[in-house]
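Everything below concerns the one structure shown next.
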Amino acid sequence: MAGRRPTNFACRNGVYYFRGFVPKAVHPSARMREVRVSLRTRDICIARCRLRSAALAFESLCGQLRSMLQLQAPDEDIRNAVQAFGKQLFAHALPPPSFAGPSLE
């Protein structure tokens, strides 16, 4: 039985992407419906791990956007917060550790 691919997971030209759908209430302020961020890998295993962290970070962003909307923040601030998400997501991410295995000598 085949597994289902998450809706926020996409592959284009061998590179995996995270797709986050902006809440409908924020559409007019953010002027966008979704956020696409490269997971910066062609390896499916690494992409799945990065997808989880990206999804958690995006849920946090959505909460911040809703609170900004309630506080009647300027549309420009909301738009900047959404655009900055992709830049900040993997800015401090380290590459996965390599495993060389035990020495045969």
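The values are calculated or read from the model by the stated rules, or taken from the named source; none is laboratory data. Note that this is a predicted model, so its numbers are computed, not measured. Glycine gets a Cβ as well: all are built from the backbone with ideal geometry, and neighbour counts include every protein chain shown. Remember, those area values only see protein heavy atoms, side chains included, never the ligands or the DNA or RNA. Shrake-Rupley method; radii C 1.70, N 1.55, O 1.52, S 1.80 Å.
Could you do me a favour and compute the accessible area per residue for segment 19-65, 1.4 Å probe, result in Å²?
61
How much FRET efficiency would the formula 1/(1 + (r/R0)^6) give for Q70 and R19, where r is the Cβ-Cβ distance and R0 is 22 Å, rounded to 0.05?
So, using R0 = 22 Å, E works out to roughly 0.30.
Say R0 is 22 Å: what FRET efficiency, to the nearest 0.05, do Q88 and L56 get from their beta-carbon distance?
Calculated value: 0.95.
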